[in-house]
Amino acid sequence: MQSADVQSADLQSLDDLIAHLGGDGIGMQSAGPSRLLMEHIQAARRDLLGSMRAEYCSSLRFAKDSVACIPGKDSRAETTRILQGLIDSEGERPRQSGPA
């Protein structure tokens, strides 16, 4: 899969998570217990679009650490699975040595 295709798939996964967690509008602030989680996921989205790999990985990890606020064991498990998949996917990508 090409780098742009992978980024597009990751972006879609993040957008789907945002919609699933109640922040349908990109950039919307979520209220309540999932606010911190939404902030981390939205930060990951911005970092991905800005090609800031280290920040993207950090935001994904912070989001994964924040899933406890999601009510429902199945929803928590699914969100954790998606975030872990994104983290693993990023770790498998070759490092770029310079500007593209």
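The values are calculated or read from the model by the stated rules, or taken from the named source; none is laboratory data. Here the structure is a predicted model, which means the values were calculated and not measured. All Cβ positions, even for glycine, are placed from backbone atoms using ideal geometry, and neighbour counts span all protein chains on display.
See the values below:
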item	result
Conditions (1) buried (at least 16 other Cβ atoms within 10 Å of the Cβ); (2) over 17 Å from Ser13 (Cα atoms); number of the one not met by Ile87	(2)
Qualifying positions in segment 33-75 - in a helix (DSSP H, G or I), of a type in the set (Gly, Ala, Ser) and loosely packed, with under 13 Cβ neighbours inside 10 Å	Ala54, Ala68
Candidates Asp5, Asp24, filtered to the one that is out of contact with any Lys or Arg (no Cβ under 6 Å at 6 or more places or on another chain), farther than 17 Å from Gly72 by Cβ, modelled with pLDDT under 90 and not in a helix (DSSP H, G or I)	Asp24
Filter pass, Ile82 being in a helix (DSSP H, G or I) and touching a residue at least 40 places away in the same chain (Cβ under 8 Å)	yes
Members of segment 39-49 found to be farther than 17 Å from Ser13 by Cβ and among the small types (Gly, Ala, Ser), listed by number	none
Residue list for segment 34-75, restricted to those being hydrophobic (A, V, I, L, M, F, W, C) and without any contact (Cβ under 8 Å) to a residue 24 or more places away in the chain	Met38, Ala43, Met52, Ala54, Phe62, Ala68
